[in-house]
Ligand SMILES: *Cc1c(COP(=O)(O)O)cnc(C)c1O
């Protein structure tokens, strides 16, 4: 196999390889020796240097251990003919890797001891690792959780993504407003885990024109893409360790780089400046992650990013197949499946067609038969603004050959649709890939080119086939299904909540970490007073830790005696942070008007980034901060109510918040949140949910029951019926609490220096066209909040329900999700790794 690294190819029988393995021990002395070696010899620093250097030295130490398992895995993965899956995603929201490596290698204790003996605190090292933020939110984090699970289940799955030089922007709050700063996460070697593999560089082409010609000898029609720009895709591989099983999967991230030859011709023409300029343009492709969650299209650079990922990944897979099997593709579909994470990578479909037809001269039918048997598509959203389209003219200009292929796919698909529904021109237009108004509809391309299309929760799956993809589902009902998302218990319990993990280990034994269904046994523990006391104590400890962080970063004091009520996620109107703020204003108003008997003190925490171009979301951030400030300064409020906005939400901050959360706010407009995964992370850590029965919330509700989930809000049908006659003014007139809360906001109480500041927010709330129906759910939400507050006052009862949440969170482990994908879509067999160092 061409991919096998030389060292590992010689196998474990070689005595010098054995020597390397022996010298790469996992006990404290071996870790310590390598750590010191890296610190002094490679980095030229000492034990008193800045923690950043010690982090790097320790990361190299762990990366060495991963590397040996990684090579073995790579050899086993490639060694025999096996079916493989490729998880293709524009985003992988990885977060930090050091703690995860320690956990999955099984060297947490030895690692800690190795450092302690040198006077180094592991926590301090961990804290300086930059958060690898190659994603916006849920979709990117799902990709990271899925890979963690694939590695843990030893499934032959490789991730393909982009190596953005700048990840998700850093959010700074200044005077209540969000300010964005670039996230140069790679600077100064801050990501020591990756390894470049320049030998597998692929070339991606753009622009130019196509020439069609007939081969005079064979009479075949050929197409030549006379491109005018080419960019190199250089892979950087990131190890994804499975949980203590000696298996290390690969995440291959493509980095764009200027093509040497291209530069040469320009240089030779003496056009030095233009050559360098072109180099910049090429390297720009993977320069920066687009920071919009759930909408972004129309930008040419974004289009280039999408095609760059699809083309480099498709070429990588096909070229490896050809290297091993020659250009015979009869069994290609049997051995490969591409799982595309939302529509962004759907250029995989026309790109595979292009490679098979133009480069290997397969006929259309044969190529199409292969492609449509190896691409599977996961839809992530029903929001119309997020259903990606590209102007056809732009695709034609930037990717002329790819556009021709899309047009041909569309033409042939139209024949199929016409044959089935001969007299329904409206349906034909609804289903087309190329719309009448000149757009390429990527979701339709993905559906037509895939053998499997899935939603990410049971409800989302149903809504997909009854709304946005209804026609396609009528044509191909068997393609459609739902796979409820999940999260990894390794990061989202074991790493982030070490005390809870210890308690679970003690009560259940250690197997729950890879078999979360075992958490069910906690239900019995919930009946023991002593167990509940310990559960409560752990939550309290985690609340204290979070309170310190909130105080340090915002100056607002959270009391660990209060109910910790958290809404942490991207700021978006559909997620309805506004509904939460309105309720907070209502609570504040109650305190001010003396209606605070039997009060449950509450700390309301918000965190999340707003897309930089999304003015309303940024205004909501400002409003939360303004309300937080006024509430904190008001002497009448004291500790009855606190509000804080924790800036720069990312994976690491959530690792601090999730263990401390008691009430999890999952309150989107019904029908808008495809799944949610934040809801699962908080539930696993024992939070009770207050929420609408949207996305996976519905499944959480079904799992824990109505006592442990404060459900409220309209159903999908009710919301649809309401839209035609939505009358916010009447709701306001009929609800004194709502009227007062809005009046307080209108009065400029929270924004005395800029009294018109929230006019647009108020107008949006009162708009009969408000798509998010915020006021429609206010009363029901306030009542559910009352119920939550009441329940919280009975600590024993709350603790029981908290334990129940964790006990029943097993189905939201991503291991269950991955098993389902594997059983119905991927059909992969676990890889046996020879000589693996499983612990
Ligand atoms: C899990 C996660 C999300 C998704 O949260 P939702 O509440 O499902 O929107 C977003 N960002 C980060 C950093 C996450 O870890």
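The values are calculated or read from the model by the stated rules, or taken from the named source; none is laboratory data. No experiment lies behind these values; they were computed from the predicted model shown. All Cβ positions, glycine included, derive from the backbone under ideal geometry; neighbour counts span all protein chains shown.
Just to be sure before I move on: is residue 31 more than 16 Å from the ligand (Cβ to nearest atom), surrounded by fewer than 21 Cβ atoms within 10 Å (Cβ to Cβ) and at pLDDT 95 or above in the structure I sent?
In short, no.
Kindly check whether there is at least one residue in the stretch 541-549 that is closer than 20 Å to residue 630 by Cβ, at pLDDT 95 or above and buried (at least 16 other Cβ atoms within 10 Å of the Cβ).
no
Considering only residues that are part of a helix (DSSP H, G or I) and crowded, with 24+ Cβ neighbours inside 10 Å, which ones fall in the stretch 689-699?
Hit for the stretch 689-699 is 697, nothing else.
Are any of the residues in the stretch 485-494 under 25 Å from residue 716 (Cα atoms), modelled with pLDDT of 95 or more and in contact with a strand residue (DSSP E or B) (Cβ under 9 Å, 6 or more places away or on another chain)?
Checked against the condition, which is being under 25 Å from residue 716 (Cα atoms), modelled with pLDDT of 95 or more and in contact with a strand residue (DSSP E or B) (Cβ under 9 Å, 6 or more places away or on another chain), the stretch 485-494 yields at least one hit.
For residue 396, work out the one condition from (1) under 24 Å from residue 308 (Cβ atoms); (2) outside any helix (DSSP H, G or I) it doesn't fulfil.
(2)
For the condition within 16 Å of the ligand (Cβ to nearest atom) and either over 27 Å from the mean Cα position of the chain (by Cα) or assigned to a helix (DSSP H, G or I) (or both), what is the one hit in 511, 502, 547, 494?
When all the criteria are applied, what remains is 494.
From 301, 251, which residue is surrounded by 21 or more Cβ atoms within 10 Å (Cβ to Cβ) and either modelled with pLDDT of 95 or more or assigned to a helix (DSSP H, G or I) (or both)?
251
Determine, yes or no, whether residue 179 is more than 29 Å from residue 282 (Cα to Cα), modelled with pLDDT of 95 or more and more than 16 Å from the ligand (Cβ to nearest atom).
The answer is no for residue 179.
Of the residues that make up the stretch 586-597, is at least one in contact with a strand residue (DSSP E or B) (Cβ under 8 Å, 6 or more places away or on another chain), in contact (Cβ under 8 Å) with a residue 12 or more places away in the chain, surrounded by fewer than 24 Cβ atoms within 10 Å (Cβ to Cβ) and closer than 26 Å to residue 685 by Cα?
Checking the stretch 586-597: not a single residue is in contact with a strand residue (DSSP E or B) (Cβ under 8 Å, 6 or more places away or on another chain), in contact (Cβ under 8 Å) with a residue 12 or more places away in the chain, surrounded by fewer than 24 Cβ atoms within 10 Å (Cβ to Cβ) and closer than 26 Å to residue 685 by Cα.
If the requirement is being touching a residue at least 60 places away in the same chain (Cβ under 8 Å), assigned to a helix (DSSP H, G or I) and more than 16 Å from the ligand (Cβ to nearest atom), which of these qualifies: 462, 539?
Sole residue among the options that is touching a residue at least 60 places away in the same chain (Cβ under 8 Å), assigned to a helix (DSSP H, G or I) and more than 16 Å from the ligand (Cβ to nearest atom): 539.
Consider residue 345 against the criteria (1) surrounded by fewer than 18 Cβ atoms within 10 Å (Cβ to Cβ); (2) under 17 Å from residue 387 (Cα atoms); (3) in contact (Cβ under 8 Å) with a residue 12 or more places away in the chain: it satisfies all of them except one. Which criterion is unmet?
All conditions pass for residue 345, except number (1).
Applying the selection to the stretch 639-652, what residues are under 30 Å from residue 590 (Cβ atoms), more than 15 Å from the chain's Cα centre (by Cα) and within 16 Å of the ligand (Cβ to nearest atom)?
645, 646, 647
Where residues in the stretch 556-576 are closer than 17 Å to residue 782 by Cβ and either assigned to a loop (DSSP other than H, G, I, E, B) or over 20 Å from the mean Cα position of the chain (by Cα) (or both), which of them is farthest from the ligand (Cβ to nearest atom)?
That would be 563.
Residue by residue, here is whether (1) within 13 Å of residue 803 (Cα to Cα); (2) surrounded by fewer than 24 Cβ atoms within 10 Å (Cβ to Cβ) holds:
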site	(1), (2)
675	no, no
680	no, no
683	yes, no
701	no, yes
706	no, yes
715	no, yes
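Please work out if residue 372 is surrounded by 22 or more Cβ atoms within 10 Å (Cβ to Cβ) and at pLDDT 95 or above.
Considered against the rule, which asks whether it is surrounded by 22 or more Cβ atoms within 10 Å (Cβ to Cβ) and at pLDDT 95 or above, residue 372 comes out as no.
For the stretch 653-666: of the residues being in a strand (DSSP E or B) and within 10 Å of the ligand (Cβ to nearest atom), which is surrounded by the most Cβ atoms within 10 Å (Cβ to Cβ)?
Step by step, filter the stretch 653-666, then rank; the result is 664.
Can you tell me which residues in the stretch 134-160 are within 30 Å of residue 76 (Cβ to Cβ) and either surrounded by fewer than 24 Cβ atoms within 10 Å (Cβ to Cβ) or away from the ligand (no atom under 16 Å from the Cβ) (or both)?
Residues satisfying the conditions are 150, 151, 152, 153, 154, 155, 156, 157, 158, 159, 160.
Mind checking whether some residue in the stretch 100-112 is in contact (Cβ under 8 Å) with a residue 40 or more places away in the chain, within 16 Å of the ligand (Cβ to nearest atom) and touching a strand residue (DSSP E or B) at 6+ places or on another chain (Cβ under 9 Å)?
Scanning the stretch 100-112, I find at least one residue that is in contact (Cβ under 8 Å) with a residue 40 or more places away in the chain, within 16 Å of the ligand (Cβ to nearest atom) and touching a strand residue (DSSP E or B) at 6+ places or on another chain (Cβ under 9 Å), so the answer is yes.
Could you say which residue among 118, 122, 39, 43 is surrounded by 23 or more Cβ atoms within 10 Å (Cβ to Cβ), more than 16 Å from the ligand (Cβ to nearest atom) and farther than 25 Å from residue 825 by Cβ?
Matching residue, one of 118, 122, 39, 43: 39.
Can you tell me which residue among 587, 579 is part of a helix (DSSP H, G or I) and within 16 Å of the ligand (Cβ to nearest atom)?
579
Do we find a residue being within 15 Å of the ligand (Cβ to nearest atom) and touching a strand residue (DSSP E or B) at 6+ places or on another chain (Cβ under 8 Å) anywhere in the stretch 616-635?
No - not one qualifying residue is present in the stretch 616-635.
So if I check each of 713, 676, 686, which one is in a loop (DSSP other than H, G, I, E, B), within 16 Å of the ligand (Cβ to nearest atom) and under 30 Å from residue 496 (Cβ atoms)?
So the residue among 713, 676, 686 that is in a loop (DSSP other than H, G, I, E, B), within 16 Å of the ligand (Cβ to nearest atom) and under 30 Å from residue 496 (Cβ atoms) is 676.
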